Structures are given as structure tokens and as C-alpha cells.
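The values are calculated or read from the model by the stated rules, or taken from the named source; none is laboratory data. As the structure is a prediction and not an experimental result, all values here were calculated from the model. Don't worry about glycine lacking a Cβ; one is built from the backbone with ideal geometry, like all the others, and counts go over all protein chains shown.
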């Protein structure tokens, strides 16, 4: 995936985790972006289904 197809995001994470992740990226000779992307791919399910919940009319009374 080229950088033109990536989205910039801002995350607020524990500084110790950030330091650990940066160090691991150096060990793996990769970027922090690639390391986090790889971790998310392993963590996330293949597909996420979000179902729309309809509110009952009794809630509107």
C-alpha cells in the first residue's frame, strides 16, 4: 500500500507503549506505522458487522 492510500490519524497512547513500539520497529527494521498496522491486522477480525438497532416506539412516549 502506498503512502497516498493511507490515512493520517492521531492516537493518544501510554508513553511507555509508544517507546516500546518504536524500539520494536527499530529491531524489526520497519517503521512505526508498519508495526502498528501489522499489529492491528493480527488483532482485528476479518470482518466486522454492525447491525442497526431500531428503537421501539415506547421509548418515544
Quiz item: Within the range 31-39, can one find any residue that is part of a loop (DSSP other than H, G, I, E, B), surrounded by 10 or more Cβ atoms within 10 Å (Cβ to Cβ) and touching a residue at least 24 places away in the same chain (Cβ under 8 Å)?
Solution: no
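For every residue, the table says whether it meets (1) surrounded by 10 or more Cβ atoms within 10 Å (Cβ to Cβ); (2) under 18 Å from the mean Cα position of the chain (by Cα); (3) at pLDDT 95 or above.
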residue	(1), (2), (3)
1	no, yes, no
20	yes, yes, yes
58	no, no, no
61	no, no, no
